[in-house]
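Trainee: Quick one: the structure is below, questions incoming.
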Amino acid sequence: MIRAALPALLLAGPVAAAGLDLSEDQRAAFGKEVRAALLADPDPVARALEIDAPDLYAEEAQQDLDRIDDLAALFAPTPRGIGSDTPRLTIVFFETYPCAACGTAWAELEALVARHPDLRVEPRFAESSGAARLLLSLLDHQGAGAYHAARAEMLAAGDAEGLRALLETRGWVQDRMLRPAPQAEAGAFRRLEFTETPAYVFPRMMLQGAMPGVVLEKYVTD
């Protein structure tokens, strides 16, 4: 999914930064920029290592595309989505609760949609959880604003204990309606062979882990 030749190289950012006179925050930022650059354009690395990049990735890439095609219904617009009603491109975004990285990644996607109003982003559940079912109940009874407000709080809850405390104190009411979306979306997450959140699905590509805005920008403008 994330290109197989890159994992060791993606670790090089923090290692390289360790020899520089930088603060911990600056080292982290440096590592993120290196990671983003490698994800955005791995071809120079492939050339330097004399890797035949197309041959190396072709089979895995085709398997990813086949899985995406099989799950095309994921891209269907829902009241949960943001952006254009007639999008040039739709991005599917898988998340769990709580997930601070998902919250940060979602903020990057909101900024991306603001810059490119012809995009749409559709959040999807990576787990069939009580939080997911509660969110859909809020969506149906109180609308998208209530859904997104509650979702932001759940993402930022910190840990499972924090999420439980949040649910107890906020007093959100969940109806008893059975909704298939959480289970179906969690099944799609597994079929796509994701192992962590956040995760992104484009019509012709999948990404795992929070992506900096510069990387997302490249993928929606190329």
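Trainee: Name the one entry in 152, 157, 210, 165 that is under 22 Å from residue 78 (Cα atoms) and either modelled with pLDDT of 95 or more or touching a helix residue (DSSP H, G or I) at 6+ places or on another chain (Cβ under 6 Å) (or both). Outline the logic, then answer.
Mentor: Values: 157 fails: under 22 Å from residue 78 (Cα atoms); 210 fails: under 22 Å from residue 78 (Cα atoms); 165 fails: under 22 Å from residue 78 (Cα atoms).
Criteria check complete, one pass: 152.
Trainee: Would you say residue 78 is assigned by TED's automatic domain parsing to the domain that holds residue 170, surrounded by fewer than 19 Cβ atoms within 10 Å (Cβ to Cβ) and more than 18 Å from the chain's Cα centre (by Cα)?
Mentor: no
Trainee: If you don't mind, another one. When the range 66-82 is examined, which residues are found to be in contact (Cβ under 8 Å) with a residue 60 or more places away in the chain and within 17 Å of residue 187 (Cα to Cα)?
Mentor: Passing the criteria: 67, 68, 70, 71, 74, 75.
Trainee: Looking at (1) surrounded by fewer than 19 Cβ atoms within 10 Å (Cβ to Cβ); (2) modelled with pLDDT of 95 or more; (3) within 25 Å of residue 87 (Cα to Cα), which is the one condition that is false for residue 222?
Mentor: (2)
Trainee: Here is a follow-up. Provide a single number: the residues in the range 154-163 that are under 18 Å from residue 182 (Cβ atoms) and free of Cβ contacts under 8 Å to residues at least 40 places away in the same chain. Write out each step before concluding.
Mentor: Here is the first cut: in the range 154-163, the residues under 18 Å from residue 182 (Cβ atoms) are 154-155, 157, 160, 163.
Still in the running and free of Cβ contacts under 8 Å to residues at least 40 places away in the same chain: none.
Final tally of qualifying residues: 0.
Trainee: Need the failing condition index for residue 201 against (1) of a type in the set (A, V, I, L, M, F, W, C); (2) at pLDDT below 95; (3) buried (at least 17 other Cβ atoms within 10 Å of the Cβ); (4) closer than 19 Å to residue 78 by Cβ, just the number.
Mentor: Condition (2) is where residue 201 drops out.
For every residue, the table says whether it meets (1) over 18 Å from residue 195 (Cβ atoms); (2) modelled with pLDDT under 95; (3) β-branched (Val, Ile, Thr).
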| site | (1), (2), (3) |
| --- | --- |
| 64 | no, yes, no |
| 76 | yes, no, no |
| 92 | no, no, yes |
| 97 | no, no, no |
| 109 | yes, no, no |
| 117 | yes, no, no |
| 127 | no, no, no |
| 140 | yes, no, no |
| 143 | yes, no, no |
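Trainee: Go through the range 127-142 residue by residue and tally those that are closer than 12 Å to residue 79 by Cβ and not in a helix (DSSP H, G or I).
Mentor: 0
Trainee: Can you name every residue in the range 166-197 that is hydrophobic (A, V, I, L, M, F, W, C) and surrounded by 13 or more Cβ atoms within 10 Å (Cβ to Cβ)?
Mentor: 166, 167, 172, 181, 184, 186, 188, 189, 192, 194, listed by residue number.
Trainee: For residues that are surrounded by fewer than 17 Cβ atoms within 10 Å (Cβ to Cβ) and either aliphatic (A, V, I, L, M) or in contact with a Leu (Cβ under 7 Å, 6 or more places away or on another chain) (or both), scanning just the range 90-133, find the one that is farthest from residue 213 (Cα to Cα).
Mentor: Only one residue tops the list, namely 100.
The values are calculated or read from the model by the stated rules, or taken from the named source; none is laboratory data. Only a predicted model underlies this, so the values are computations on that prediction, with no experimental measurement involved. A quick note on method: Cβ atoms are made from the backbone with ideal geometry, for glycine too, and the neighbour counts reach across all protein chains shown.
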